[in-house]
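First comes the structure, then the notes that go with it.
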Amino acid sequence: MAGPSESAAPVAAPPPDAPLIARVDARLGRLEDLLNLLAAVAILAVMVMGIAQIVSRSLFNGLNALTPAIPRFAIHGYIDYVQFIAAFYGLLGLAYCQRVGGHIRMEVALASMRGRLLWTFETLATLVAIVVTILLIVGTWDNFHNAWSKGDSSMDIKLPLWPAKLLVPAMLAVLLARLLVQLWGYLRMLANPARAPLAVPVPETAEQAAQREIDEALRLADTDARAAPAQGAGR
């Protein structure tokens, strides 16, 4: 898996003379960063709704026990809203995760490969992923079309479900775009393994992953050590 300290950082604008693949990767990366941010907002929304649901039920149930004239209160359709939002935080980050190599995959063998052998296996895996993603786009588009034409809605508050179902093929299309860019990057490396990898996550060995985690821990400890005197002086 690619090191998150490098690949998970926001995509920087490449210089004007950068290779075309780097410019395409940067443009797509900005879209992926935005979608991933929206996924985080969706998670925050679910957390806020959950807290509001618990507090409102506890507070108004307690008040109702003291004064029956005060009605009990809860967010109507809470489960429907949570299930609807789940599609957003579950799907908006798909392409971002693929870009940084954050998905779960077996890298025991890949981490020991080098040169054209590594890029050959990565290319084959990406081709399989592209075919599967295209099939999923076709199937989920049909699912959306059925929901749209039949007016599919949730059980409780009759919330229309077609926006969430449309999100699935839309985000799979963004994932397909990322896979095509990565296929381009792998074919580029397959042609000349001496080039610097562009638009592809580079597998880490166990030693590299351990060293990265050590460096991050030391950097965090150094930051805390510098912040402690400033906090003491402020007091």
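The values are calculated or read from the model by the stated rules, or taken from the named source; none is laboratory data. All of these numbers come straight from a predicted model, not from anything done at the bench. Every residue, glycine as well, gets a Cβ built from its backbone with ideal geometry; the counts of neighbours run over all protein chains shown. Just so you know, the surface numbers come from the protein's heavy atoms only, side chains and all, with ligands and any DNA or RNA stripped out. Shrake-Rupley method; radii C 1.70, N 1.55, O 1.52, S 1.80 Å.
Could you please let me know if Ile137 is surrounded by fewer than 18 Cβ atoms within 10 Å (Cβ to Cβ) and modelled with pLDDT of 95 or more? It is false that Ile137 is surrounded by fewer than 18 Cβ atoms within 10 Å (Cβ to Cβ) and modelled with pLDDT of 95 or more. A Cβ distance below 7 Å, combined with a sequence gap of six or more or placement on separate chains, defines the contacts here; from region 213-235, residues that are exposed (fewer than 10 other Cβ atoms within 10 Å of the Cβ) reach no residue that is of a type in the set (Asp, Glu) and modelled with pLDDT under 85.
Test Val200 against the criterion of being under 23 Å from Leu92 (Cα atoms), open to solvent by less than 30 Å² (accessible area, probe 1.4 Å), in contact (Cβ under 8 Å) with a residue 40 or more places away in the chain and not in a helix (DSSP H, G or I), and give yes or no. Before the answer, list the steps.
Working: under 23 Å from Leu92 (Cα atoms): yes; open to solvent by less than 30 Å² (accessible area, probe 1.4 Å): yes; in contact (Cβ under 8 Å) with a residue 40 or more places away in the chain: yes; not in a helix (DSSP H, G or I): yes.
Taking the combined requirement at face value, the residue satisfies it.
Among the residues of region 148-166, how many are open to solvent by 20 Å² or more (accessible area, probe 1.4 Å) and under 26 Å from the mean Cα position of the chain (by Cα)? Please lay out each step first, then the result.
Pass one, region 148-166, residues open to solvent by 20 Å² or more (accessible area, probe 1.4 Å): 148-153, 155-163, 165-166.
Filter again for under 26 Å from the mean Cα position of the chain (by Cα), leaving 159-163, 165-166.
Total meeting the criteria: 7.
Within region 58-85, residues that are touching a residue at least 24 places away in the same chain (Cβ under 8 Å) sit with their Cβ atoms under 6 Å from residues that are part of a loop (DSSP other than H, G, I, E, B) and open to solvent by 60 Å² or more (accessible area, probe 1.4 Å), at 6+ positions apart or across chains, in these pairs: Gly77/Asp156; Asp80/Asp156.
Restrict the check to region 172-181 and report whether at least one residue is without any contact (Cβ under 8 Å) to a residue 24 or more places away in the chain and surrounded by 15 or more Cβ atoms within 10 Å (Cβ to Cβ). No, every residue in region 172-181 fails to be without any contact (Cβ under 8 Å) to a residue 24 or more places away in the chain and surrounded by 15 or more Cβ atoms within 10 Å (Cβ to Cβ).
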